[in-house]
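Novice: Take a look at the following structure, please.
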């Protein structure tokens, strides 16, 4: 079983538009918050919503950074593989160190985790 994770451009656009939405909504709420200083109950509700949007924004920014790192690792992996002049027929220490993060050995299978976060499962 081989599992790859690729994110199409429309997913990345969604992340950016989500970040824009969060920023816009936070600005609206902060303006509303200033107007509601004297109305304590509404103030608390708006302040809580702003906090929730700050957390969501942090999540979106983190996911975006993770996506960029994954794209960079996949590109490095692709470039390295393109520089290989022949088919691999025996163990290559350099290739293993550049491509594989870890190998997990089970009684009935091996799981290869690549530095690009992709995994490959081989059953014995």
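Novice: Which residue pairs have Cβ atoms under 7 Å apart, sit 6 or more places apart or on different chains, and have a first residue in segment 25-36 that is part of a loop (DSSP other than H, G, I, E, B) and a second that is modelled with pLDDT under 85?
Specialist: Pairs found: 36/42; 36/43; 36/46.
Novice: Among (1) closer than 28 Å to residue 18 by Cα; (2) in contact with a helix residue (DSSP H, G or I) (Cβ under 7 Å, 6 or more places away or on another chain), there is one condition residue 77 misses while meeting the rest; what is its number?
Specialist: (1)
Novice: Out of 121, 90, I need the residue that is farther than 22 Å from residue 66 by Cα and either in contact with a strand residue (DSSP E or B) (Cβ under 8 Å, 6 or more places away or on another chain) or at pLDDT 85 or above (or both). Which one?
Specialist: 121
The values are calculated or read from the model by the stated rules, or taken from the named source; none is laboratory data. These numbers were taken from a predicted model, which means no experiment stands behind them. Glycine also receives a Cβ, built like all others from the backbone with ideal geometry; neighbour counts cover every protein chain displayed.
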